[in-house]
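Below you'll find the structure, written out as structure tokens, and then a few comments.
The values are calculated or read from the model by the stated rules, or taken from the named source; none is laboratory data. Every value quoted in this text rests on a predicted model; they were computed, and no experiment measured them. Every residue, glycine among them, receives a Cβ derived from its backbone with ideal geometry; neighbour counts consider all protein chains shown. Please note that ligands, DNA and RNA were not included when accessible areas were found on the heavy atoms of the full protein model with its side chains. Shrake-Rupley method; radii C 1.70, N 1.55, O 1.52, S 1.80 Å.
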Amino acid sequence: MLLRKNKFVFILLVALTFISCDEDRVFDKYENINGSWKKTDTINFSFEQNDTINPFNLFLNVRSNNDYPYNNLYLIVSLKQPDNLVKTDTLEYLMANPDGSLMGEGFSDVKESKLWYQEGFVFKKNGKYNISISQAVRETGEVKGVENLKGIIDLGFRIEKIK
């Protein structure tokens with residue numbers, strides 16, 4: 001009985017340690033893309049925000065693997081506010097080193113890149129926000145975008161408190 005109780009306490013302490021390690025996280029969610037992101041696919045995230053005073057940092061988290069063939073990643077990101085005002089940005093991120101190896105964190109061929117979207121962003125209205133993200137990668141010299149972008153496994157959106 002005592003051994004079972006100690007085991008429970010140990011598991012509880014380990015769980016609390018992992019949960020408390022990410023105190024800055026306000027929102028953090030991923031959508032699986034399965035290694036091929038179609039040009040026509042838009043990834044959407046919805047969240048409630050009620051803090052209109054404090055600034056936050058907003059990030060796009062990209063998990064990619066060695067199938068990603070480009071140096072850069074181009075994204076179109078739209079943030080829809082509760083009053084239906086939409087702010088759209090076209091963003092470019094460097095994804096590979098000069099030698100062609102992927103940038104990001106990770107020990108295997110899967111790398112995670114935490115990409116800045118907005119720094120010190122203050123939400124102007126209380127309520128539900130929607131963010132939509134689509135890829136806008138093109139081959140050099142081509143007008144038509146890449147139909148199936150290989151090598152992107154997951155796309156995430158994260159909001160962090162600023163300390």
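First compute the accessible area of the chain with a 1.4 Å probe, then give the percent of it belonging to carbon and sulfur atoms.
53 percent
Can you run phi through the Karplus equation (6.51, -1.76, 1.60; θ = phi - 60°) for the stretch 45-62 and list ³J(HN,Hα) in whole Hz, with x for Gly and Pro?
10, 10, 7, 8, 9, 10, 9, 9, 10, 7, x, 10, 9, 10, 10, 10, 10, 10
Add +1 for every Lys or Arg and -1 for every Asp or Glu among the other residues with Cβ under 15 Å from the Cβ of Val110, and state the total. All intermediate terms of the calculation are to be shown ahead of the outcome.
Details: positive: Arg63, Lys111, Lys114, Lys150; negative: Asp67, Glu105, Asp109, Glu112, Asp154.
Taking every other residue near Val110 into account, the sum is -1.
Can you pull the one-decimal nm distance between simple spin-label points at Met103 and Asn34, each 7 Å off the Cα toward Cβ?
3.0 nm
Of the listed peptides 106-113, 74-81, what is their order by residue-averaged count of other C-beta atoms within 10 Å, with the highest listed first?
74-81, 106-113
When the dipole is taken about the Cα centre of the chain, and only Lys, Arg (+1) and Asp, Glu (-1) are charged at their Cβ, what size is it in debye, to the nearest 20?
620 debye
With an 8 Å cut-off on Cα pairs and a minimum separation of 6 or more residues, tell me the relative contact order of the chain in percent.
On the way: 335 pairs, mean separation 69.2, N = 163.
That works out to 42 percent.
Whole number in Å², please: accessible area per residue of the chain, 1.4 Å probe, ligands, DNA and RNA not counted.
64 Å²
Amide H of Asp154: which non-local residues (sequence gap of 5 or more, or other chain) have their own amide H closer than 5 Å, using H built in the peptide plane?
Ile33, Arg63
Which whole-number percentage describes the relative contact order of the stretch 91-163, with Cα contacts under 8 Å and a sequence gap of 6 or more? Mind showing how you got there, number by number?
On the way: 30 pairs, mean separation 9.8, N = 73.
Once normalised by length, the contact order is 13 percent.
Taking the Cβ of Asn65 as the centre, find all other residues whose Cβ is under 14 Å away and add up their charges (Lys, Arg: +1; Asp, Glu: -1).
Values: positive: Arg63, Lys111, Lys150; negative: Asp67, Glu105, Asp109, Glu112, Asp154.
Net of charged neighbours comes to -2.
Where Lys and Arg each count +1 and Asp and Glu each count -1, what net charge lies around Ser101 among other residues with Cβ under 14 Å from its Cβ? Mind showing how you got there, number by number?
Working: positive: Lys111; negative: Asp67, Asp99, Glu105, Asp109.
That sum, taken over residues with Cβ under 14 Å, equals -3.
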